[in-house]
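Colleague: Just passing along the structure, written as structure tokens.
The values are calculated or read from the model by the stated rules, or taken from the named source; none is laboratory data. Everything quoted here is computed from the prediction, not taken from an experiment. When we count neighbours, we look across all protein chains shown, and the Cβ atoms used for this are built from the backbone with ideal geometry, even at glycine.
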Amino acid sequence: MAGDDDRLRCRLYLITPPDIGGDALTPFADSLANALDGGDVACLQLRLKDVDDDVILEAAGRLRPICHEKDVAFIMNDRADLAAKADCDGVHVGQTDTPYAEARELLGDDAIIGVTCHASTHLAMEAGDAGADYVAFGAFFDSTTKHRKHFAEPALLTQWQETMLVPCVAIGGITIKNCSSIVEAGADFVAVAAGVWTHPDGPGAAVKAYNEIFDEVAGDR
């Protein structure tokens, strides 16, 4: 998902809305295609909570090809077992989900495995030492998608970049209006859900706007 050359420019890490199962899947698939037409996207994380496994697998089967057509990695949230069943490119695990080592055993060496580390460099260093492909810090702002339990400051990203090579994802209420400070602080990836899917001009316009900010910040470095 990232290499040394990517450090100079932040990339977009999309997260699905929470209500795309069932009848909502087809219109969301159209929204996803529109978003990916808007510009560079590193990956899409399928995040569905409190639904049956069949719903998650159906969504994965529908959305993964759309991502792969645009060379966008498709990542499952929480469920390493379903990531393996759905032939995902990887999984994102929280501190109370499948342990990193177990997820790696299930998915193999080539899978992308990211770990939620809240606002803790200690947790992030543990994840990085274990072999995680990226660590996720947040939340940086209040979000309509997820209740904010942990509070991260942009300085955390700067500190991480100065000391570690493992890529970092910034998450939590990041919008077009407030993301510049997060990118400037050192985020390798910016995770966004509502900031793209609820954009008044459509998800494609949102992706384009985020990428313009990433380009601007990269040009200033």
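Colleague: What's the number of the only condition in (1) farther than 21 Å from Ala206 by Cα; (2) in contact with a strand residue (DSSP E or B) (Cβ under 8 Å, 6 or more places away or on another chain) that Arg62 fails to meet?
Modeller: Of (1) farther than 21 Å from Ala206 by Cα; (2) in contact with a strand residue (DSSP E or B) (Cβ under 8 Å, 6 or more places away or on another chain), only one is false for Arg62: (2).
Colleague: To continue, here is another question. Pairs please, first residue from the range 159-179 and touching a residue at least 24 places away in the same chain (Cβ under 8 Å), second anywhere and polar (S, T, N, Q) and assigned to a loop (DSSP other than H, G, I, E, B), Cβ atoms under 9 Å, 6+ apart in sequence or on different chains.
Modeller: Between residues of the range 159-179 that are touching a residue at least 24 places away in the same chain (Cβ under 8 Å) and residues that are polar (S, T, N, Q) and assigned to a loop (DSSP other than H, G, I, E, B), the close pairs are Ile171/Ser143; Gly172/Ser143; Gly172/Thr145; Gly173/Ser143; Gly173/Thr144; Gly173/Thr145; Ile174/Ser143.
Colleague: How about the range 109-138: which of its residues are out of contact with any helix residue (DSSP H, G or I) (no Cβ under 6 Å at 6 or more places or on another chain), touching a residue at least 12 places away in the same chain (Cβ under 8 Å) and assigned to a helix (DSSP H, G or I)?
Modeller: Within the range 109-138, Thr121, Leu123, Ala124, Met125, Ala127, Gly128 meet the criteria.
Colleague: Could you pull out every one of the strands (runs of 3 or more DSSP E) wholly within the range 1-97 that has 1 or more residues that are farther than 23 Å from His199 by Cα and modelled with pLDDT of 95 or more? Outline the logic, then answer.
Modeller: Details: elements: 11-15, 43-46, 73-77, 90-93.
Once the strands (runs of 3 or more DSSP E) in the range 1-97 are filtered for at least 1 residues that are farther than 23 Å from His199 by Cα and modelled with pLDDT of 95 or more, what remains is 73-77, 90-93.
Colleague: Here is a follow-up. Pairs only if they're at least six apart or on different chains, beta carbon under 9 angstrom, first in the range 83-108 and more than 15 Å from Ala124 (Cα to Cα), second among the hydroxyl-bearing types (Ser, Thr, Tyr); list them, first residue then second.
Modeller: These pairs meet every condition: Val91/Thr98; Asp97/Thr116; Leu106/Thr98.
Colleague: Ok, one more. In the range 158-179, which residues are assigned to a loop (DSSP other than H, G, I, E, B), closer than 23 Å to Trp197 by Cα and under 18 Å from the mean Cα position of the chain (by Cα)?
Modeller: First pass over the range 158-179, keeping only residues assigned to a loop (DSSP other than H, G, I, E, B): 164-167, 172-178.
Going one step further and asking which of them are closer than 23 Å to Trp197 by Cα, we end up with 172-178.
Across the range 158-179, the qualifying residues are Gly172, Gly173, Ile174, Thr175, Ile176, Asn178.
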